[in-house]
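The values are calculated or read from the model by the stated rules, or taken from the named source; none is laboratory data. Model, not experiment: these values are computed from the prediction. Using ideal geometry, Cβ is built from the backbone for each residue, glycine included, and neighbour counts are taken over all protein chains shown. Note: accessible area is taken over every heavy atom of the protein model, side chains too, but ligands, DNA and RNA are not part of it. Shrake-Rupley method; radii C 1.70, N 1.55, O 1.52, S 1.80 Å.
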Amino acid sequence: MILKYTYRTLITFSTQVSSHTFMLRCTPYANEYQRLIEHKTSVIPNCLLTRSNDTFGSILETGYVADMHDAFMFESTGIIEIGNNRSIEKVNPLFHYHSELTTPDMAIRDAARLIGMDMSVTEWVMRLSDYLQGHFQYESGATNVKTTASEAFSLGKGVCQDYAHIAIAMCREVGIAARYVNGFMIGEGATHAWIEYHDGERWLGFDPTNNRPVDDTYIKIAHGRDFNDCSINRGRFNGIAEQNIKVTLMVEQLKKLPKEQTKQIKNQ
Amino acid sequence: MYTRLLTQKDAVNKWMERYGVRFGIYKNGTFKEQIFPFDAIPRVISNSDWTELEKGLKQRVDALNAFLRDIYTEKRIIKDGVVPEDFVYSSKGYLPQCEGITPSKGIFSHISGIDLVQAEDGTWYVLEDNLRIPSGASYPMIARQLTRKASPETFDGAKVFDNRDYARMIREMMDHVNVDNGLEVILTPGRYNSAFFEHSYLAEKAGVVLAFPDDLFVDGDKVYYKGLFNERERVGAIYRRLSDEYLDPMTFERSSLLGVPNLFQAYAKGNVAIVNALGNGVADDKGIYYFVPKMVEYYLNEKPILKNAPTYLPFYEKDRNYVLENLHKLVIKDVAEAGGYGVMFGRDMDEKRLEEVKELVRTQPRRWIAQEVINFIDLEIMEGDERVMRKADLRAFVVSGKETKVWPSGLTRFTRDPKSFVVNSSQGGGFKDTWVMAE
Ligand SMILES: Nc1ncnc2c1ncn2[C@@H]1O[C@H](COP(=O)(O)OP(=O)(O)OP(=O)(O)O)[C@@H](O)[C@H]1O
Ligand SMILES: [Mg+2]
């Protein structure tokens, strides 16, 4: 599928700030099933953006705004072709080990054991997801970015990040390599989180929040051990200011790829 | 040899006070500064003992550096089955962000603080490798400076290795790893750090800039020092006295107010040397310690000169059974702790405690190591006007730049509690100068 996306974050500060350093992870991941046709990241105030890959291959853009400013905007826009959402990338053993936000407690361990073992990996992940649908409730505001899998699980409610963390914790607990994915999804107005698990041959995406396998309507931005490895934006500045953050995301399908459209985006 | 020095001990302690030789500790959540008590009787290490120690220390640190290079690239030592994968991936000190990064000149541990004890029979045992930010070198430096001042005649006859060149060793090492001939700085988290005295003292002696986190910033993947008038000066080497997790809030602990944002990116691109490198915690983890003699054989193809204390890893079933049966006579250590916290002697535990700890060993085997108790030697210290015997260890400092060099001195720490084996300064111990004899 060919998708056109525009993601924008606008932060307004209540007072002027300066010496603002930031790190963005907002460019789609490049791999065998995600082909970037067009992409552009822009920031305001304008500054030098340097690009690199983090240790998991996600694309990082970093910058520094020395001067006073009272707003910061970054935008990631482009056209991407998505394939079947599976990857034959080798398993980094690290994804077998628990990480800070996914360390399970007794309750998660017990829940993972209850699912049983006599089935394929993919079946197991589906059952896990079914289980979550019955025992975990979507509720925004109940948790925050620091909430661990165990905390969310005992609370019984949370958002996509929490679904993903709990699912990862349970997978790793029974020996399935799993990782956290942050990205865009058609029809969602903000970033979404899901998981990838390794079935012995390939990495496959699964969305525990929506209880369905990930398909070509999902754009992967970053993956890592847990949310901490995937933040879309981290910043640090001088000045004491309240921040007002406004996020917009548009993902739409393009039936085909008209030449004009490509050009237009290039010139934006 | 040092009797005259003893008559000067009050003068020396007064000077220390004036210099602000203090040691800060956190107790019950509040920061307290206390004097790090100095004992005027030096520890004396004979030249022949030292020659052997020096060889062993160089060898050990070279192997540890080889291990770090390997772990963050090929991981041959795991593939060859010498170190189990678990000890790397579940170590708190392992930083996946460092994968594939080779620091400037390939050196990870530039300054290593190796903790040793000497047993009654004269054998030296390594108790721990400190490869992150080992502190304490300034104490014997300043002690020597002051004792020289108070009693110059003491050193006239005694053939003691001069220890004043530590700062020069640090400086040469920094020059060696410096990227693009930039500024060299010691990065201190600030004056409320327990070792702030040391940071400022070393900066002064080594002739490098003492920088606070706000003095540095990163732009275009390069690190700059902000001058008084906001002019920028490129930084080539940072001797940071700030632990990995607080060094860069963009890559590590996001709440850290002490770090330099995006410093990690500059480092990953090879635009700055960081002393010591990031990710060293994987090699000085108490669990990994067990494997260090094996590293010497694996990487250097040599017989290890220095011994580890006999150590058991409950991770291995055989060791676990031994530990469960013999806990009452062993030392058990929590691999995640430092500063003497989490070090427990089985002989001090009652039945109930022994059972509790055994249960922890059974349920979380990877979290513990156990050792035979080394009955290490007592040294004489002055308590008032009386000479008493107390347990003491030695932290030797090894500096790896162009070559690996051992500083012919070291920090001798002793316990003031006659019943205790734990000498850590955070547990109220004191220190001595360490005299290495030149002949
Ligand atoms: N096997 C042993 N036999 C006797 N005493 C020991 C043994 N292991 C440790 N000790 C005592 O306990 C102290 C602390 O041990 P160790 O250095 O392993 O722990 P630590 O908490 O990491 O300290 P550090 O602050 O040096 O990192 C040692 O300096 C020594 O005095
Ligand atoms: Mg120690």
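Worth a mention:
- Distance between segment B:294-333 and segment A:3-50 - C-alpha centres, whole angstrom: 50 Å
- Summing Lys and Arg as +1 and Asp and Glu as -1 over all other residues whose Cβ lies under 14 Å from the Cβ of A:I88 gives a net charge of -2.
- Solvent-accessible surface of chain B, taken per residue with a 1.4 Å probe and all protein chains present: 41 Å².
- Whole-Å distance, taken between Cα centres, linking segment B:48-120 and segment B:250-285: 18 Å
- Computed over protein heavy atoms with a 1.4 Å probe, the carbon and sulfur contribution to the accessible area of chain B reaches 47%.
- Heavy-atom accessible area per residue - segment A:56-213, 1.4 Å, Å²: 40 Å²
- Accessible surface of chain A, 1.4 Å probe, proportion on carbon and sulfur as whole %: 50 percent
- Cα gyration tensor category, rounded, prolate or oblate, for the protein assembly as shown with a/c compared to 1.5: prolate
- Centre-to-centre, using Cα atoms only, segment A:133-169 and segment B:132-174 are separated by 56 Å.
- Across segment A:138-154, rounded Karplus estimates of 3J(HN,Hα) from the backbone phi angles (6.51 cos²θ - 1.76 cosθ + 1.60, θ = phi - 60°) give 6, 7, 7, x, 6, 10, 9, 5, 9, 4, 8, 4, 5, 4, 4, 4, 6 Hz, Gly and Pro being marked x.
- Maximal additional length on extending the A:V91-A:Q16 stretch stands at 22.4 nm, based on 0.36 nm per residue less the C-alpha distance.
- Taking a ≥ b ≥ c as the square roots of the eigenvalues of the Cα gyration tensor, an a/c ratio of 1.5 or more together with a/b larger than b/c marks segment B:202-311 as prolate.
- Proximal charge balance of A:T148 [Cβ under 12 Å; K/R count +1, D/E count -1]: -4
- Net charge contributed by nearby residues that have their C-beta within less than 12 Å of A:D226 (K/R +1, D/E -1): +1
- Selection from A:Y138, A:Y180, A:H69 lying farthest towards where the dipole of chain A points positive, charges on Cβ: A:H69
- Scaled to the globular estimate 2.2 N^0.38 Å, the Cα spread of chain A, given as radius of gyration, is 1.04.
- Backbone N atoms of segment B:401-436 closer than 16 Å to the 7 Å Cα→Cβ label point of B:T51 belong to residues B:436.
- Taking the chain by itself as reference, segment B:214-233 contains these residues with an accessible-area loss of 20 Å² or more in the full protein complex (1.4 Å probe, heavy atoms): B:F217, B:V218, B:D219, B:G220, B:D221, B:K226.
- Residue order by solvent-accessible surface for B:H199, B:H328, A:H39 is B:H328, A:H39, B:H199, largest first, with ligands and nucleic acids left out and a 1.4 Å probe.
- Helical runs assigned H by DSSP (4 residues or longer) give chain B a calculated mean residue ellipticity at 222 nm of -8500 deg cm²/dmol, each run adding -39500 (n - 2.57) before division by the residue total.
- Residues in segment A:68-117 that, when all protein chains are in place, have 50 Å² or more less accessible area than the chain alone would give (probe 1.4 Å): A:L94, A:Y97
- Violating pairs (Cα-Cα greater than 29 angstrom) within the set B:K286/B:K405; A:K40/B:K226; B:K58/B:K419: A:K40/B:K226; B:K58/B:K419
- The residues of segment A:37-57 listed by number as losing at least 10 Å² of accessible area in the complex, against the isolated chain and with a 1.4 Å probe, are A:L48, A:T50, A:R51, A:S52, A:T55.
- Accessible surface buried by the A/B pair amounts to about 2200 Å², both sides summed, 1.4 Å probe.
- A run of chain A free of exposed loop cleavage sites, with GluC sites (Glu not before Pro) counted only in DSSP states other than H, G, I, E and B and at most 12 other beta carbons within 10 Å, reaches its longest extent at A:33-200.
- Sorted on the mean count of surrounding Cβ atoms within 10 Å across their residues, most packed first, peptides A:104-113, B:89-98 read B:89-98, A:104-113.
- The ratio of the alpha-carbon radius of gyration of chain B to the globular-protein estimate 2.2 N^0.38 Å is 0.98.
- Sparsely packed trypsin sites (Lys or Arg not before Pro) within segment B:130-188, loop by DSSP, other Cβ within 10 Å at most 15: B:K159, B:R164
- Placing unit charges on the Cβ atoms only, positive for Lys and Arg and negative for Asp and Glu, gives the protein assembly as shown a dipole magnitude near 920 debye about its Cα centre.
- Expected 222 nm ellipticity per residue - DSSP helices of 4 or more, -39500 (n - 2.57), all of chain A, to 500: -6000 deg cm²/dmol
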